[in-house]
Amino acid sequence: MKKYKNLTITDTNGADCLIVDPRRFGDARGFFESVTIDELNHLGFNKFSQFSDSMSGKGILRGLHYQEDPYCQAKMVRCVRGRVIDIVRDIRKDSPTYGETVAVELTPENGTFLFVPRGYAHAYLALEDNSLFEYYVDNEYNTRKEGGISYKDPDMVVNLYTRENPEEEYKVEKLSIYDLLKKYGIDTPLISEKDEVRKPLSETSVNFTRAKRRYLVTGVTGQLGYDIVKELHNRGEYDILAPTSKEMDITDKDQVMEVIKAYKPDVIFHCAAWTAVDKAEEEKEACEKVNVEGTKNIVDASIKVGAKIVYMSTDYVFDGTKEGYYNEEDKTNPQSVYGLTKYQGEEEVRRNPNHFITRISWVFGINGNNFIKTMIKLSDKYKELSVVDDQVGSPTYTVDLSKLLVEMAHTDKYGTYNATNTGYCTWAEFAEAIFKEYGVKVKVNHVTTAEYFKDKPHATRPENSKFTWDKLEANGFAKMPEWQDALRRYIKEFNESTEGKMLSLKRGK
């Protein structure tokens, strides 16, 4: 038992699962209690993402539930009306208490919280009608990532923690789930149809671990690398190495191996790349050095330490002449130095069997330059612009892409995927949508690629970059939102950024 200024923490037989009793200050009028952020940090509960509550009648059992990574949740739970027994089970495979079950009675009178770490299955049993149960969680809810185990698991032994008054230490009683129900006068709990068919832990595929994963992100100064780090933070992951090119030059084989061997990441997000498409035609060797040799160095190191690798490829691996839509099995035929080097990078990545290759297009994110920012800045100078209308693709928001990539990295659904926001448009249509969403009037003249680049050397671009996303859904991943929705959210993010605010001030908005 550990005492802090405003709370007392009691360890349980479940590693990292804690009974938390806030200190109450009261008199005949009632009481007051307060817990500081620092004290919550002692629990490992250092991020509050969502609050939920649930009302249940006597005998209703909800659980045992969990959410799969990367949406696994730590919880602080309590009962604010009625009376419940909270039940949690450690399902982290590397935990010294794997399979152990903790139960504690929660009431408004005792004011007790249970801290439930990530990697536990959670349930509660209502002992009175109209019992109101509260959850404070550190990660968002995701329906697709719901899971659960059966409360009737014959291997489950419940360790029930009880005490008569707040001055006593908790006593532990070991019970079967049926003896626990009988102890509280419940013959048969009321459960959902979904929970009725849950399987025991021994028959459930769960991949929770107590040890934290380690991530390495290249290209952190770019649009996607920046948002991947943000997304990892959003999911409660903080063991991240994101070296700049000065800290780890991907073209330096020895340095790459040294850094990655020292850090030993579980997952590498390889975002660093040469992306100056036209300049690559003039500086082929420099582009190859980054996109091919640099990727080879990352792959060699990933194999050495046993890390998964997530690699971002491009629509430029196709020639763009196909009628209809490109799927992942279509023949590649890059027509530019950039496209060829990104395809050669794909081939390097395939040497690591634990790989994800994602083909993306028309990317935009807040941290760096992109087509949207260019259009917005040009609209400050011009009221008429010529934009290409014979290339079709899918604008892709790095915020949405990062969510998908982080989710992929928590699975073993390896392979090559088309990964863009959904829907299609031409560059000219995209520009028109940008000006409308940003609230400026600019006439867009639709021109061909040949007209736009007249007398200018340039790389060949694919005219058709329309992808299918069936493979994502077939492997349990959700398609990304429509590009119009992504554009609206990006414009909002841009307007709230320092860059966007400065531009608004300049324009007198």
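Derivation of every value follows stated rules applied to the coordinates shown; laboratory data play no part. Fair warning: this is a prediction, and the values are worked out from it, not measured in the lab. Virtual Cβ from ideal backbone geometry, glycine too; neighbours counted across all protein chains shown.
How many percent of the alpha carbon pairs in the stretch 105-247 exceed a separation of 23 Å?
That tail contains 55 percent of the Cα-Cα pairs.
So for each of 349-360, 320-331, 387-398, 372-383 I average, over its residues, the number of other beta carbons within 10 Å; can you give me the resulting order with the highest mean first? Write down the numbers at each step before the final one.
On the way: 349-360: 19.1, 320-331: 13.3, 387-398: 22.6, 372-383: 15.4.
Most protected by this proxy first, the peptides run 387-398, 349-360, 372-383, 320-331.
Can you list, bin by bin at 5 Å, the percent of alpha carbon pairs in the stretch 277-377, starting at 0?
The distribution over the stretch 277-377 is 2, 12, 19, 19, 19, 17, 8, 2, 1, 0, given as percents.
What percentage of all Cα-Cα pairs in the chain are separated by more than 30 Å? Mind dumping the intermediate values first?
Numbers: 73257 of 129286 pairs.
In whole percent, the long-distance tail amounts to 57.
Rounded to the nearest 500 deg cm²/dmol, what is the calculated helix-only ellipticity per residue at 222 nm for the chain, with -39500 (n - 2.57) per DSSP H run of length n ≥ 4? Let's see the in-between values first.
On the way: 16 runs with 141 residues, N = 509.
Theoretical 222 nm ellipticity from helices: -8000 deg cm²/dmol.
Place the peptides 437-444, 168-175, 238-245 in order of packing, highest mean first, counting for every residue the other Cβ atoms within 10 Å and averaging per peptide.
On the way: 437-444: 14.8, 168-175: 12.1, 238-245: 16.5.
Taking the mean over residues of other Cβ atoms within 10 Å, the ranking is 238-245, 437-444, 168-175.
Taking only Cα atoms, what is the 0 to 90° angle, nearest 10, from helix 253-263's long axis to the longest principal axis of the chain?
Relative to the chain, helix 253-263 is tipped by roughly 10 degrees.
If I model the stretch 215-507 as equal point scatterers sitting on the Cα atoms and use the Debye formula, what is log10 I(q)/I(0) at q = 0.07, 0.11, 0.13, 0.14 Å⁻¹?
Relative scattering, expressed as log10 I(q)/I(0), comes to -0.26, -0.65, -0.92, -1.07.
Relative contact order, percent, of the chain when contacts are C-alpha pairs under 8 Å separated by at least 6 residues?
Working: 1067 pairs, mean separation 58.1, N = 509.
So the answer I get is 11 percent.
Y170 to M55: FRET efficiency via 1/(1 + (r/R0)^6), r the Cβ-Cβ distance, R0 41 Å, to the nearest 0.05? List each step's numbers first, then the result.
Details: r = 27 Å, r/R0 = 0.67.
It comes out at approximately 0.90.
Considering only C-alpha atoms, what is the centroid distance from the stretch 165-236 to the stretch 58-103, in Å?
Result: 6 Å between the Cα centres.
Based on the mean of other beta carbon atoms within 10 Å per residue, what is the order of 338-344, 299-305, 201-207, most packed first? The partial results should precede the final answer.
Numbers: 338-344: 24.1, 299-305: 19.0, 201-207: 13.1.
Result, highest mean Cβ count within 10 Å first: 338-344, 299-305, 201-207.
Find the relative contact order for the stretch 215-507 and round it to a whole percent, using C-alpha pairs within less than 8 Å whose residues are 6+ positions apart. Please report the intermediate quantities before stating the final value.
Details: 548 pairs, mean separation 59.6, N = 293.
Averaging sequence separation for qualifying contacts and normalising by length gives 20 percent for the stretch 215-507.
Apply the Karplus parameterisation 6.51 cos²θ - 1.76 cosθ + 1.60, with θ equal to phi minus 60°, to every residue of the stretch 351-368 and state each ³J(HN,Hα) to the nearest whole Hz, in sequence, with x for glycine and proline.
Result, rounded to whole Hz: 5, 8, x, 9, 10, 10, 10, 10, 8, 10, 8, 6, 7, 9, x, 6, 9, x.
How many angstrom lie between the C-alpha centres of the stretch 238-304 and the stretch 402-442?
Each part's Cα centre sits 24 Å from the other's.
If we restrict to alpha carbons, what Rg and Dmax does the stretch 400-509 come to, in Å?
Both quantities, over Cα of the stretch 400-509: 17.9, 51 Å.
Inverting the mean 1/r over all pairs of different Cα atoms, compute the Kirkwood radius of the stretch 2-203 and quote it in Å. Before the final figure, lay out each step's value.
Values: mean 1/r = 0.0581 Å⁻¹.
Across the stretch 2-203, the inverse of the average 1/r is 17.2 Å.
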